[in-house]
Amino acid sequence: MKKTLIEKTADKLVNAFVNNKIIAPLPTKFTRKLSEAEKLRKLCESKIKDPIIGFKAAGTGIPVMKKLKEKKPFYASIFEKNFIKSGKKVKINKSTLGVELEVCYLIKKNFFSSKGSITMKNVTKHISHMAPCIEIIGYRQKKKGITSFGDLCSDFGANVKFLIGLKKKYKKINIGNLKTNIANKKIRQSVDGNTNTVYINPLNSLRFVLNELKKDKINLNKDFYVFTGSTVGVVPILGKGLYVGKIEKLGTAKAIIN
């Protein structure tokens, strides 16, 4: 049976993901609208054999949402191959967009057997640990810039690597107003941020992702991570070396850009 365009496109993108290759830009049919991009993302993810360790929220900056005329963020699966220890080296290419600094949560597997919607009142009961995280974002395509959420969503959520700092047992803190910073001292690059830039706050972003997982009837049957979105926006990588991300009261995460 002849493959459809979406199947052919998914095969090319999956091959690029698995083998760390860069391909020609995807057809705009799959990137212009978020709904079409999500279909491609889900098809691609279904073809990956690597274990899923969690999910990321993306497009969580409200000003960016308004600019691109979107009403809500989106999510994407995170695979084990892209989850590495803080302080490890990450090789980048011309399609790398930048680095982000995020709050991540470790969620108990009993979430999958919970009933009803996740609200701001009940979301915390599902959290085991929390930690700072650096995400390296970029395409598997010869492509630069962001013109729509579909650009990011279609390409596995544009996730390249996640480097997580020391996990701490969850406790209630004012997660909606914590100072953050990511810096490369060697090249004197430093960007400040705040957790209040993340879809109201990281807990609200977590609530969004968990409800999307319920809607899509996903069940990993194990504890999993949720990465809630950047507190500093997309920070361009201006030079190689050590990037250190700090989130007040949570700690640090590190990435060596190679």
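Of note:
- With a simple spin-label model that places each label point 7 Å from the Cα along the Cα-to-Cβ direction, the separation between ASN258 and ASN20 comes to 0.7 nm.
- Dividing the helix sum by the residues of the chain, where each DSSP H run of 4 or more adds -39500 (n - 2.57), gives a mean residue ellipticity at 222 nm of -6500 deg cm²/dmol.
- Residue-by-residue Karplus 3J(HN,Hα) for the range 241-257, coefficients 6.51, -1.76, 1.60, Hz, glycine and proline x: x, 8, 9, 10, x, 10, 10, 3, 6, 9, x, 10, 9, 10, 9, 9, 7
- Potential lengthening between ASP216 and ASN110 on full extension [0.36 nm per residue; Cα-Cα distance subtracted]: 36.5 nm
- By the count of neighbouring beta-carbon atoms within 10 Å, fewest first, MET120, MET130 end up ordered MET120, MET130.
- Cβ-based net charge around ASN122, under 12 Å, with every Lys or Arg adding one and every Asp or Glu removing one: +4
- The relative contact order of the chain comes to 28 percent, based on Cα pairs under 8 Å that sit 6 or more residues apart.
- Above-threshold pairs, the threshold being 20 Å between Cα atoms, out of LYS56/LYS167; LYS3/LYS142; LYS49/LYS115; LYS179/LYS222; LYS108/LYS246: LYS3/LYS142; LYS49/LYS115; LYS179/LYS222; LYS108/LYS246
- Scalar couplings 3J(HN,Hα) for the range 171-185, obtained by applying the Karplus form with A = 6.51, B = -1.76, C = 1.60 to θ = phi - 60°, are 9, 6, 9, 6, 5, x, 8, 10, 6, 9, 7, 10, 8, 10, 4 Hz; x denotes Gly and Pro.
- Cα centroid separation - the range 128-186 against the range 46-100, whole Å: 6
- Within the chain, the cysteines lacking any other cysteine Cβ closer than 4.7 Å to their own Cβ are CYS44, CYS153.
- Neighbourhood charge, 12 Å Cβ-Cβ cut-off, centred on GLU102 and excluding it, Lys, Arg +1 and Asp, Glu -1: -1
- Estimated distance in nm for a label pair at LYS81 and LYS249, the labels positioned 7 Å out from Cα along Cα-to-Cβ: 3.8
- Per-peptide average of other Cβ atoms within 10 Å, ordering 40-46, 136-142 highest first: 136-142, 40-46
- Protection proxy ranking of 8-15, 185-192, 94-101, 20-27 - average other beta-carbon atoms within 10 Å, highest first: 94-101, 8-15, 20-27, 185-192
Just so you know, all these numbers are worked out from the coordinates, no wet-lab data involved. Note that the structure is a prediction, hence the values are computed from the model and not measured. Heads up, the Cβs are rebuilt from the backbone with ideal geometry, glycines too, and the neighbour counts pull from every protein chain shown.
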